[in-house]
Amino acid sequence: MPGADAPGPPASGSGADGQGGRMPRWLPRAMVSALLLIACFQLGTWAFHRLTGLLINVLIAFFLALAIEPAVSWMSARGMRRGAATGIVFLGVLIFAAGFVTLLGSMLAGQIQNMVEDFPKYLDSVIKWVNGTFHTELSRLEVQDSVLHSDWLQRYVRNSASGVLDVSAQVLGGLFQLLTLLLFAFYFAADGPRLRRALCSVLPPAKQAEVLRAWEIAVDKTGGYLYSRGLMALISGIAHYILFQALGIPYAPALGVWVGLVSQFIPTIGTYLAGALPMLIAFTVDPWYAVWVLVFVVVYQQFENYLLQPKLTARTVDIHPAVAFGSVIAGTALLGAVGALIAIPAVATLQAFLAAYVKRYDVTDDPRVMGPRPRPGGSLTLARVRRALRGPNEPGSPPSAEAERAPEDSSPETLGDAPSETSGDVSPGTRDEAPPEIGGRRGDEDGGQRGEGREDEGPHPRR
């Protein structure tokens with residue numbers, strides 16, 4: 001019957017609708033995985049922000065361990081245990097730091113004491129100037145009473161009293177961070193071989209050699225940077241101490257140490273920042289002494305940049321001044337004062353990695369790369385200047401061969417000026433022709449232009 005077959009198509013459609021509305025099997029697992037990833041990301045972000053201080057301390061300790069690694073290895077190679085050698089190095093660093101802080105603190109304490117003792121004199125001079133200028137009748141007792149009974153001074157005292165606990169907490173926190181840093185640095189330096197062995201044990205042999213090479217580069221660059229800067233700081237401190245002592249400026253040893261350290265470990269502007277404090281103290285003795293200090297600071301900076309620094313840092317850290325300044329700015333923006341201190345060793349290590357692993361090619365001899373070539377006349381003039389600097393020849397003797405070859409070495413266009421080995425002097429009209437023989441190779445057979453017929457032989461080597 002027709003009515004019996006009617007319910008067939010709706011049943012098939014309902015089954016299709018039920019199968020199409022069913023949830024895919026992978027969807028619940030994908031949702032759970034996404035939620036887990038989001039939770040892990042949030043947990044990692046929270047942990048990173050909470051552990052930022054510890055990570056910075058570990059980074060500083062690692063660079064400090066790299067810096068003292070050469071000294072520790074040198075003492076360890078002579079029979080001393082690495083733990084004892086690391087302790088001796090740290091003891092020396094701590095003694096030097098304590099001496100510097102003591103010298104600087106005594107200088108500041110002396111200056112503050114002098115300012116407090118001379119404050120009544122300064123106040124009397126200011127009151128005298130005000131009375132004479134504005135025709136007032138002020139006295140020191142009235143000014144002192146008004147200042148002592150003022151509201152702002154009382155509020156300042158109350159705020160300072162309440163902030164003593166905060167200052168104490170900050171001091172204790174700084175001491176704890178310093179202890180943490182020294183502890184990590186001691187472990188990194190004393191257990192350096194064990195740490196490298198543990199790191200290489202999880203790597204294949206090929207990767208182990210690369211890791212050890214990278215570690216060696218980091219040690220060489222970081223230690224070389226700190227040692228070269230320390231030596232330049234010593235030289236700078238001694239030179240400035242001699243000047244301060246000769247001028248009779250007070251606290252000459254502390255000022256010499258201050259100038260040496262600040263000028264070397266704060267790049268580019270450290271010299272002028274270090275010279276500001278001695279200039280101020282010298283100005284209190286005699287204004288002309290401040291001028292002499294400024295002149296000496298500028299002259300010594302030029303001597304250091306052009307004579308001393310290239311010899312000391314040629315084999316340790318050779319960084320362009322603009323790169324050094326930019327790295328310090330970037331390190332300060334990322335990690336503050338800590339980033340400014342470790343920026344240059346980190347960039348030096350990165351530069352060494354690039355020099356070791358990046359393949360370099362010879363640059364084409366193109367004026368757009370090498371710059372415009374000097375004119376032949378200029379080359380001849382330069383040759384004459386070199387000949388005059390080397391010393392004139394005896395009267396009647398021919399010029400030296402090096403002086404004759406100076407135009408050839410300076411510009412390829414002057415190759416035609418030199419006499420040929422097979423014929424006589426070349427006339428000026430044949431300057432564009434190739435020489436018969438350069439460096440053991442014969443020129444083109446047809447004697448055409450420079451660029452013709454040389455594609456198979458390649459460029460001739462320069463003489």
Per residue, in Å², the accessible surface of the range 228-365 once ligands and nucleic acids are set aside, probe 1.4 Å:
57 Å²
Accessible area in square angstrom per residue, the range 109-200, 1.4 angstrom probe
80 Å²
Obtain the nm distance between the two label points defined at V93 and R155 by a simple spin-label model: each point lies 7 Å from its Cα along the Cα-to-C-beta direction.
4.6 nm
Taking a ≥ b ≥ c as the square roots of the Cα gyration tensor eigenvalues, with a/c under 1.5 meaning rounded and otherwise prolate when a/b beats b/c or oblate if not, the range 202-305 comes out prolate
Calculate what fraction, in whole %, of the accessible area of the range 68-160 sits on carbon and sulfur atoms when a 1.4 Å probe is rolled over the protein chains.
68 percent
For the range 187-202, take each phi angle, set θ = phi - 60°, evaluate the Karplus expression 6.51 cos²θ - 1.76 cosθ + 1.60, and give the result in whole Hz per residue in order, putting x for glycine and proline.
5, 5, 7, 6, 9, x, x, 5, 5, 5, 5, 5, 6, 6, 5, 9
With a point put 7 Å past each Cα toward its Cβ, work out how far W129 is from Q113 in nm, to one decimal.
2.8 nm
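How would I95, I68 rank on accessible area, largest to smallest, probe 1.4 Å?
Highest to lowest solvent-accessible surface, that is I95, I68.
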What percentage of the solvent-accessible surface of the range 228-270, computed with a 1.4 Å probe over protein heavy atoms, is contributed by carbon and sulfur atoms?
79 percent
Using a Förster radius of 30 Å, what is the FRET efficiency between L203 and L179 based on their Cβ-Cβ separation? Nearest 0.05, please.
0.35
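The values are calculated or read from the model by the stated rules, or taken from the named source; none is laboratory data. The model shown is predicted, which means the values in this text are computed figures rather than measured ones. Glycine gets a Cβ as well: all are built from the backbone with ideal geometry, and neighbour counts include every protein chain shown. Heavy atoms of the whole protein, side chains included, go into the accessibility calculation; ligands, DNA and RNA do not. Shrake-Rupley method; radii C 1.70, N 1.55, O 1.52, S 1.80 Å.
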